[in-house]
Amino acid sequence: MKKTAFVSGASRGIGKAIAEALAGEGYHLALTCEKSRETLEKSAQALAKNFHVQVLTFCGDMGDPAFVFSMGKEVLASFGKIDVIVNNAGISHIGLLCDMTAEEWNRILSVNLSSCFYTVKAFVPAMISAKSGRIVNISSMWGTAGASCEAAYSASKGGVNSLTRALAKELAPSGISVNAIACGAVDTDMNAFLSSEERTALEEEIPAGRFATPEEVADTVLTLLKSPTYLTGQIVGLDGGYL
């Protein structure tokens, strides 16, 4: 049987690059997006054609447990198993904490953090039964250091890091590894709000002198998947030496 993988937030940016890298390794894929259904399906068709893998697509809110649990049942019914979970879906909010509404705060935490809990609930029982599996959470360096005017985003990614460490201890006896990648500035649409001057200033602060590419994040995911399962509970920094 071919290997199977789930990737959330896969219509563009980091998620799309991860899906392409996994397809290149022969994984059947289950991919989600929230709004860009047409873009995701076009990408899925290309992956299926180019890499001869099966690709399932789902459009919905990863912060909605009903959507995630329903999707998980369909994925397991179709594939019969799941080998890899990549929790990539994420949103950001720029602004002062005092200006945030409770709804905005809860939205950030539901998509960025609670979604990881939902996917674990949906897929991990099957992994435990198989006594194998890999979970990679896409986090951020701001989950470690905190970012001004991104308090909710930083808090959500700090939660992802702590969940990663705790879950790794819980699942290690079942042969399942859990790690996170704490990304620095990545050249995606999420950072498109930066002016050219702001981007240049940030690049000058990064020792590597540039933003990461989505493909570099995807390569790091593959590296973790090919590592021994003894490597677990780690927050791997991918920030060009920023922290």
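Data for the structure
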quantity	calculated
Gly133 vs. criteria surrounded by 15 or more Cβ atoms within 10 Å (Cβ to Cβ), on the phi > 0 side of the Ramachandran plot, touching an Asp or Glu at 6+ places or on another chain (Cβ under 9 Å) and not charged (D, E, K, R)	yes
Residue satisfying all of: in the range 136-150; open to solvent by 40 Å² or more (accessible area, probe 1.4 Å) and in contact (Cβ under 8 Å) with a residue 40 or more places away in the chain; farthest from Val111 (Cα to Cα) among these	Ala145
Matching residues, the range 54-88, being small (Gly, Ala, Ser), assigned to a loop (DSSP other than H, G, I, E, B) and surrounded by fewer than 21 Cβ atoms within 10 Å (Cβ to Cβ)	Gly60, Gly80
Failed criterion for Gly233 (all others in (1) part of a loop (DSSP other than H, G, I, E, B); (2) over 19 Å from the mean Cα position of the chain (by Cα); (3) small (Gly, Ala, Ser) hold)	(2)
Residue match in the range 98-109 (condition: of a type outside the set (D, E, K, R), in contact (Cβ under 8 Å) with a residue 12 or more places away in the chain and open to solvent by less than 10 Å² (accessible area, probe 1.4 Å))	yes
Subset of the range 172-230 [assigned to a loop (DSSP other than H, G, I, E, B), open to solvent by 50 Å² or more (accessible area, probe 1.4 Å) and hydrophobic (A, V, I, L, M, F, W, C)]	Ala192, Phe193, Ala208
In the range 39-53, the residues that are part of a loop (DSSP other than H, G, I, E, B) and either within 30 Å of Glu104 (Cα to Cα) or touching a residue at least 24 places away in the same chain (Cβ under 8 Å) (or both)	Val53
Failed item, numbered, when Leu113 is tested on (1) assigned to a helix (DSSP H, G or I); (2) open to solvent by 50 Å² or more (accessible area, probe 1.4 Å); (3) of a type in the set (A, V, I, L, M, F, W, C)	(2)
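The values are calculated or read from the model by the stated rules, or taken from the named source; none is laboratory data. On a predicted model such as this, the values are computed, not experimentally measured, just so you know. Note that we place each Cβ from the backbone using ideal geometry, even for glycine, and neighbour counts take in every protein chain shown. The accessibility values were calculated without ligands, DNA or RNA, using every heavy atom of the protein model including side chains. Shrake-Rupley method; radii C 1.70, N 1.55, O 1.52, S 1.80 Å.
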